[in-house]
Structures are given as structure tokens and as C-alpha cells.
Amino acid sequence: MNTTTQIDSLERPGFLAPPRIIRLNAVDDVVVAIDQLVSGTLIASEGVTVSGLIPPGHKMATRAIEAGQPVRRYGQIIGFASQAIRAGQHVHSHNLTMGDFTRDYAHAQDARPSVYTAEPASFQGIVRDDGRVATRNYIGVLTSVNCSATVARAIADYFRRDIHPEALGAFSNVDGVVALTHSSGCGVDSEGEGLKILQRTLGGYACHPNFAGVLVIGLGCETNQIAKLLETQGLKDNGRLRSFTIQDTGGTTRTIARGIELIRAMLPEANTVHRESVPASHLLVGLQCGGSDGYSGISANPVLGAAVDLLVAQGGTAILSETPEIYGAEHLLTRRAASAEIGHKLVERIRWWEAHCARGGAAMNNNPSAGNKAGGLTTILEKSLGGITKAGSTNLVDVYEYAQPVSARGLVFMDTPGYDPVSATGQVAGGANLICFTTGRGSAYGCAPSPSLKLATNTALWERQSDDMDFNCGEVLSGASITELGAQVFRMMLETASGKASRSETHGYGQQEFVPWQISVLT
């Protein structure tokens, strides 16, 4: 994107803390207010006087823009003026709108040879028998259908340390028993894409390295038959995976009792694990942003991008997702694709989403959300351009469909919706053993069985909601180095992968946030 960030203070005699602005690129038509801008204030660096009130995180025009003309931020088009805009005015949804424009995909034009660091990093991981590395050690209870959700939760609740501390008292190396339930599994086309996605998601969780053992529980008569689920995913009942149904077991009470008995039998083996030093290349990190604001693309996302570059240099993997939230910025990723074929795969997913929205009478610009707009984001183009900065600067080495197993090393893309729980569920199904989640408005989120780190875009959020945040990227807005903060986030990734609890883990987030993507027509 060739973006350069310039933070300027305003000369306002008599004020101890003059408001600040950010210019992201020399060709931009707007600057971003770090502090609230008051009408009549002269911005000397831009030669512009503020006209009206401009909230923190919002945009101010630095030159006159005629109606219909493109407006640029990050050196890229974020929308078109819906009316004439004067220099110094607030630029937002009242005068900026979406519009079609040609994007040069230039597939693989900017791809560069991968560079790996000579200074290896490591974390304390759990090495499974097949060589895969876990960051946590859970036992999971999965359901084939919503009808078995209640018994799955009852089984997991029996092992809750806050309710029955004695149940896991002798098994300190087991992080817990979690029930991951969903609202689907029946009333869908038995050969349709929707059921295939659900089965792929459940299969990815069933064999996830962060699970030492898994129960799969069904009702018995559902469309998503367990036998077919296991067959399509190459899974078998064994000591690590057990499956059964309520109808075959003899009802709710007996099913709960059987589930508890099976988990008790799994616990001694699950508890034998130990952590050992493993290369950082074993990290698969899912990248998420939710509750974004005008600072997301300036602070937290670029900081996470700097950490991702360090991870990739170690041979690790980062999974960028949320296809509707790269819309309008996808050409910056296709240019970084390792090959033209990979770039075309990404564009194919964009075209699928355009057709998907058209069939439903929706538009790709139904995003940003109300909270995003309150934080200063106006169009999906602007949100996307800021969102992809969390992917760093390395080559895009592969593109995956939702919940497909990720095998490539480096930066990859997984096609998911923008809704964070659905998106992260797909990433974990693909093998992500850690999630990094940037937020400007204050998302409360966690993800089992993989820990989730939340990065605040601004210091006000960090101070207001520090109970939920793991790292403050708002220091960028005061001049801190993105590179140095990225290095700190990378170290935090390693510490968390080694067993240090994230904030969401301490609050017990994770079980309710399992949300497989549903695209089926219900019947």
C-alpha cells in the first residue's frame, strides 16, 4: 500500500494538549483526527481550517472534492463524494458513498522471495503422537445436531472446576472439558454444500491438536448422521474419539451418564501430556478484527501485521479471513500472491460473494456496522483497506475454502463471512491453535479450544475495557513504533501458546462462540 503515517499536533496557544491528526499517505484527500477537532482550528501542516465538529477517529477533508469524485485514504479509494465537500469538513456517511471502480489485480506482480530469520523463536507446546503441536489440552464434546446440545452441555458442566472442582482435581494438565454446540444438523439437504461445510467444521474440531479427546453426540435420526460425518472426514471411533446417540443410549439421563463415564476414562491419558520447547513454526494464528473503528487500520491492525511478518519469518502460518471485509482491497492481496493461480483463487471467492449477496438482495456495502460507523469508518472499502494491514507484508501463499485444513506455511487466506464467531470457527477448524483479534469499539470474544488475544486500537478503550483486552496498540497514536509493538505482540503470541491464559480465557469465553457457517436452505 506504500502507506506512510504522519502524526501532527496543532498549534493552539493556551492548550496544554493540542489535538492531533494523522496523514496516512501523501495523495490522501483526508486526514484522521486522533483528538476531537473543533470548528475554526487551523491545521498548520495541512493549511486547512476545521469546519464543524470532527470526532476522534473520523476523517477531515484536506482539499475540495467535487461531487462524484473519488476520495482516498491509505493512498487508495475509500468511496466517492455524494456531494461537494469543502476542505476542513467532516467526511463521513452524509457525504461519502460507495461506487464501482476498476481494480488492477496484477496477480503476483509484487511477490518476493520468502525471507526466514536466522534467530529461531520457540514456545512451550504439547507435541501430539502425530507430530502436531497443541497450545492447549482440552477434552471436547461435539454435537452432530442441535437436538443433542443440552446433553453435551450437561456432560461438560459436570467437569466445570467452578462447580465440581473434584471432577478434574487429579488432572491438572487438562485445561477443561468444553461443549461446542450449534443450531444445525437437520432439515437440510443431505447432499448440499451447507451440510458439507458443517461436517468439515466438525471434522476439523474433532481432530484438532488442542483436543486430547473428543465425544461426538447425536440424537439418532438427524440428517447429519454421525457415521456419515466420520466417514466424510476420515475419522474413526477409537480411544481418542467416541461417538453415540441419545436414541441408541436410551434417553437424556443415560446419555449424560455415559458421556461422563467416557470422559473419566479419557482423563488419565489426557493428563500425561507435558510441554516442551518447539519452534514457532508450529503456530497457526487466525487473524480477526471486530468492533473496528477509524484507528484500526492505523494502530492495532498494522501492529498485528508486524507480528505476522515475524511469525512468517519463523516458518509459521497466519490465516487472514472475513472475505466481505477485504472487499475493495483484494487487489492489494492478489499483487502479493505467490502465483497468478493463487491470486485467481482469491478473486473467485470475491465473485462468489458478489453473487451470494445478489441472490439475497443484499449489497457488499451492508458493512460497516453501526458501531464501526460511530468509530469513524464509512464504507466497506475503507474498512477493508485497514483490515488487510493485519496480514503484514509477506506473500499470500494459498487460498482455502471455509474450514478446510490449512497445510501451507506463511500467509494464507480462508474464505469466511465477516461475522467474527463464524469466521474464527472456520479458522480453528482449519487448524488455528491461536487467534489474534483487534478491536476498536471493545469486542468481548473468546474461542475454545484455541486461546484468543485481543488487541485494543486506542488507549481510551484499553483503559475503559482493560478487563477484556490483552494488549494496547493505542500507543501508536502517541508515536510508538509499530515495529516495536509488533515484536511485543509476537512475544505475547509465544507466551500464550506456552500456556499463559488470555483475558477471554480467564472469563470463561469460548463454548458459546462456536458458530459454524450456515448457508443451507432449511426444509
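The values are calculated or read from the model by the stated rules, or taken from the named source; none is laboratory data. Everything numeric here is computed off the predicted structure, so don't read it as measured data. Here Cβ is always computed from backbone atoms with ideal geometry, including for glycine, and neighbour counts include all displayed protein chains. Side chains included, ligands, DNA and RNA excluded: accessible areas come from the protein's heavy atoms. Shrake-Rupley method; radii C 1.70, N 1.55, O 1.52, S 1.80 Å.
For the reader, a short list of remarks on this structure follows.
- Simple spin-label estimate for Ser45 and Ala170 in nanometres, 7 Å along Cα-Cβ: 6.5 nm
- Based on alpha carbons, the Rg and Dmax found for segment 242-355 are 22.2, 58 Å.
- Each Cα pair of segment 388-458 feeds into the Kirkwood radius, which the Stokes-Einstein equation turns, at 10 °C and 1.306 mPa s, into a diffusion coefficient of 123 µm²/s.
- With θ taken as phi - 60° and the Karplus curve 6.51 cos²θ - 1.76 cosθ + 1.60 applied, the whole-hertz 3J(HN,Hα) list for segment 28-41 is 5, 8, 9, 10, 10, 7, 7, 10, 4, 9, 9, 3, x, 6 Hz, x standing for glycine and proline.
- Above-threshold pairs, the threshold being 23 Å between Cα atoms, out of Lys345/Lys390; Lys373/Lys454; Lys59/Lys373; Lys345/Lys454: Lys345/Lys454
- Among beta bridges that DSSP assigns inside segment 81-230, antiparallel share in %, nearest 5: 20 percent
- One chain, two ends: Cys221 and Ser114. Fully extended at 0.36 nm per residue, the span grows by 33.5 nm beyond their Cα-Cα distance.
- Segment Ala26-Glu261, length gained on full extension (0.36 nm per residue, minus Cα span): 78.1 nm
- Of the beta bridges in the chain, as assigned by DSSP with both residues counted there, near 40 percent are antiparallel.
- Taking all protein chains as shown and a probe of 1.4 angstrom, His274 keeps an accessible surface of around 120 Å².
- Using the Cβ-Cβ distance between Asp467 and Asp189 with R0 = 51 Å, the FRET efficiency computed as 1/(1 + (r/R0)^6) comes to roughly 0.70.
- Residues of type lysines that Lys236 reaches as a straight line, Cα spacing below 23 Å, ignoring anything fewer than 8 places off in the same chain: Lys196, Lys228
- Set against the labelled values (i) 74, 66, 40; (ii) 84, 60, 39; (iii) 76, 47, 43, Cα extents along the principal axes in Å computed from this structure falls on (iii).
- Heavy-atom accessible area for Lys500, with the other protein chains in place and a 1.4 Å probe, reaches approximately 120 Å².
- Think of each Lys and Arg Cβ as +1 and each Asp and Glu Cβ as -1; about the Cα centre, that makes the dipole of segment 138-239 roughly 100 debye.
- Charge dipole of segment 42-200 about the Cα centre (unit charges at C-beta), most positive-ward option of Ser114, Asn146, His94: His94
- With a simple spin-label model that places each label point 7 Å from the Cα along the Cα-to-Cβ direction, the separation between Val273 and Thr506 comes to 2.2 nm.
- Rg to Rh, two decimals, where segment 175-315 supplies the alpha carbon set and Rh follows Kirkwood: 1.07
- Approximate shape of segment 383-518 as ellipsoid semi-axes (Cα gyration tensor, √5λ), whole Å, largest first: 23, 19, 14
- Three principal axis lengths of segment 304-455 [C-alpha, angstrom, descending]: 40, 36, 25
- Solvent-accessible surface (1.4 Å probe) assigned to Glu193 amounts to roughly 90 Å².
- Loop-located trypsin sites (Lys or Arg not before Pro) in segment 261-343 whose Cβ has at most 15 other Cβ within 10 Å (DSSP): none
- Charge dipole of the chain (Cα centre as origin; +1 on each Lys and Arg Cβ, -1 on each Asp and Glu Cβ, all else neutral): 120 debye, rounded to the nearest 20.
- If the segment from Gln488 to Glu231 were pulled out straight at 0.36 nm per residue, it would be longer than the present Cα-Cα gap by 88.2 nm.
- Net charge of Cβ neighbours under 12 Å - reference Ala206; Lys, Arg +1; Asp, Glu -1: +3
- For Val273, Val27, the ranking by accessible surface with the largest value first comes to Val27, Val273, using a 1.4 Å probe.
- Rg/Rh (Cα only; Kirkwood hydrodynamic radius) as it applies to segment 114-174: 1.18
- Mean projected area in nm² (Cα convex hull; one quarter of hull surface) for segment 416-494: 5.5 nm²
- Solvent exposure of the chain as accessible area per residue, Å², 1.4 Å probe: 39 Å²
- 14 Å beta-carbon shell around Cys186, net charge (K/R +1, D/E -1): -1
- Measuring nothing but alpha carbons in segment 137-223 and taking Rh as the Kirkwood radius, the Rg to Rh ratio lands at 1.04.
- Solvent-accessible area, 1.4 Å probe, carbon plus sulfur percent, for the chain: 50 percent
- Overall, the ratio between the Cα radius of gyration of segment 13-147 and 2.2 N^0.38 Å, rounded to two decimals, is 1.71.
- Eigenvalues of the alpha-carbon gyration tensor of segment 200-278, scaled by 5 and square-rooted, set the equivalent ellipsoid semi-axes at 24, 18, 8 angstrom, largest first.
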